[in-house]
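The values are calculated or read from the model by the stated rules, or taken from the named source; none is laboratory data. Note that the structure is a prediction, hence the values are computed from the model and not measured. Cβ placement follows ideal geometry from the backbone for every residue including glycine, while neighbour counts extend to all protein chains displayed.
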Amino acid sequence: MALQPDDRLDVRGLPCPLPLLKAKQALARLATGQLLEVMATDAGSWHDFETFISQSPHEMPAREERGDVYHYWIRKGGENAP
C-alpha cells in the first residue's frame, strides 16, 4: 500500500539545514496524524531527518532514495508528546 500524503514539500536544491527547517514549518501547519511527504536532494538530509524524528513526537513510516532525490514521509505526532 502506497502512502498517501496530506501535503507535499519540495525542497530539492536547498542545502542543509533548509530541508529540515522547511519540513518543520510544514509540519506545524498539519493536524496531528497527518502525513507530510518531503522531497530533498541534500545528502545530509538523510541523517538530519533521522535525528529529528528520534528527538520529536513525529514518526517516519517510510523513506527512500530515488536517484538523487530523497523522499521522506513524516506523520505528525501529538502536540503534548515530548
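With the requirement that a residue be touching a residue at least 40 places away in the same chain (Cβ under 8 Å) and either assigned to a helix (DSSP H, G or I) or on the phi < 0 side of the Ramachandran plot (or both), what does the stretch 1-43 give you?
Within the stretch 1-43, the subset touching a residue at least 40 places away in the same chain (Cβ under 8 Å) is 3, 5, 12, 23, 27, 30-36.
Listed by number, the residues that qualify are Leu3, Pro5, Arg12, Ala23, Leu27, Leu30, Ala31, Thr32, Gln34, Leu35, Leu36.
Please state which one of Trp46, Trp73 is part of a strand (DSSP E or B) and either out of contact with any Asp or Glu (no Cβ under 9 Å at 6 or more places or on another chain) or modelled with pLDDT of 95 or more (or both).
Trp73
Select from the stretch 41-64 the residues that are closer than 16 Å to Val11 by Cβ and of a type in the set (S, T, N, Q) and list them in ascending order.
Within the stretch 41-64, Thr41, Ser45 meet the criteria.
Restricting the search to the stretch 63-82, which residues are in contact (Cβ under 8 Å) with a residue 24 or more places away in the chain and surrounded by 14 or more Cβ atoms within 10 Å (Cβ to Cβ)? Spell out how you get there, then give the answer.
If we filter the stretch 63-82 for residues that are in contact (Cβ under 8 Å) with a residue 24 or more places away in the chain, which is where we start, we get 68-79, 81-82.
If the condition is that a residue be in contact (Cβ under 8 Å) with a residue 24 or more places away in the chain and surrounded by 14 or more Cβ atoms within 10 Å (Cβ to Cβ), then Tyr70, His71, Tyr72, Trp73, Ile74, Arg75, Lys76, Gly77 are the ones that fit.
In the stretch 32-58, which residues are touching a helix residue (DSSP H, G or I) at 6+ places or on another chain (Cβ under 9 Å) and buried (at least 18 other Cβ atoms within 10 Å of the Cβ)?
Leu36, Val38, Ala40, Asp42, Ser45, Asp48, Phe49, Phe52, His58
Here is a check on your reading of the model: is Asp10 more than 14 Å from Val69 (Cα to Cα) and not basic (Lys, Arg)?
no
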